[in-house]
Amino acid sequence: MSPDLSSFLSISLIGLPGSGKSTVGRQLARRLRLPFADSDHVIEQRLGCPIREFFEREGEERFRDIEAEVIDELTQSGGVLSTGGGAVLQQRNREHLHQRGRVIYLKSTPEELMRRLRHDTQRPLLQVQDPLQRLRDLYAQRDPLYRETAHFVIDTGRPSVSTLVNMIVMQLELAGALPKA
């Protein structure tokens, strides 16, 4: 891949918390020699505090507004973008993601996610009495929005990160979204 690929190739990863967006995104960016951005990390840098802290202090609505500003900015440049799990909740985010690049939905079942996240205390939406039920509720609410936004759906199941990256690259190649090497 040529070094200037990022000037015209934008790939965004969406999915529930814990679906592998950041991990897969970093590897995908490395494989395609593209810059990588994680919208949650950009937001935390901008806020000067962890998202969880801001979420508790200011609430979800204010957080979603800041998230929308960051996604608007990040989707205007090339590279691989890992979004927060709730990025699709706002229509403007879905439109920016879908129109400005290729969107990959990393689809995971609530049960798979619970296995991955059962010891995670950093995700504010999962700090509830019944996290599995919360994941099921999030899946029911967000799965249709992820599907609406995505160009491709990749079932994460149990494949390794490198296998998932290969699956994404293959989908992008078949769709003609990657330039010929």
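Might you check whether a residue that is touching a strand residue (DSSP E or B) at 6+ places or on another chain (Cβ under 8 Å) and without any contact (Cβ under 8 Å) to a residue 12 or more places away in the chain occurs anywhere in region 28-42? Write out each step before concluding.
Our first condition is that a residue be touching a strand residue (DSSP E or B) at 6+ places or on another chain (Cβ under 8 Å); within region 28-42, this holds for 28-30, 32, 34-40.
With without any contact (Cβ under 8 Å) to a residue 12 or more places away in the chain added as a condition, the list becomes 30.
Yes, the conditions are met somewhere in region 28-42.
So Arg57 clears everything in (1) crowded, with 18+ Cβ neighbours inside 10 Å; (2) farther than 15 Å from Ile104 by Cα; (3) out of contact with any strand residue (DSSP E or B) (no Cβ under 6 Å at 6 or more places or on another chain) except one condition, right? Which one?
Of the numbered conditions (1) crowded, with 18+ Cβ neighbours inside 10 Å; (2) farther than 15 Å from Ile104 by Cα; (3) out of contact with any strand residue (DSSP E or B) (no Cβ under 6 Å at 6 or more places or on another chain), the odd one out for Arg57 is (1).
Please list, ordered by residue number, the helices (runs of 4 or more DSSP H) wholly in region 1-84 having 2 or more residues that are within 24 Å of Leu164 (Cβ to Cβ) and among the basic types (Lys, Arg). Please lay out each step first, then the result.
Details: elements: 21-32, 39-47, 51-58, 60-74.
The qualifying helices (runs of 4 or more DSSP H) are 21-32.
Throughout, read-outs are computed from the coordinates displayed, never taken from laboratory work. Model, not experiment: these values are computed from the prediction. All Cβ positions, glycine included, derive from the backbone under ideal geometry; neighbour counts span all protein chains shown.
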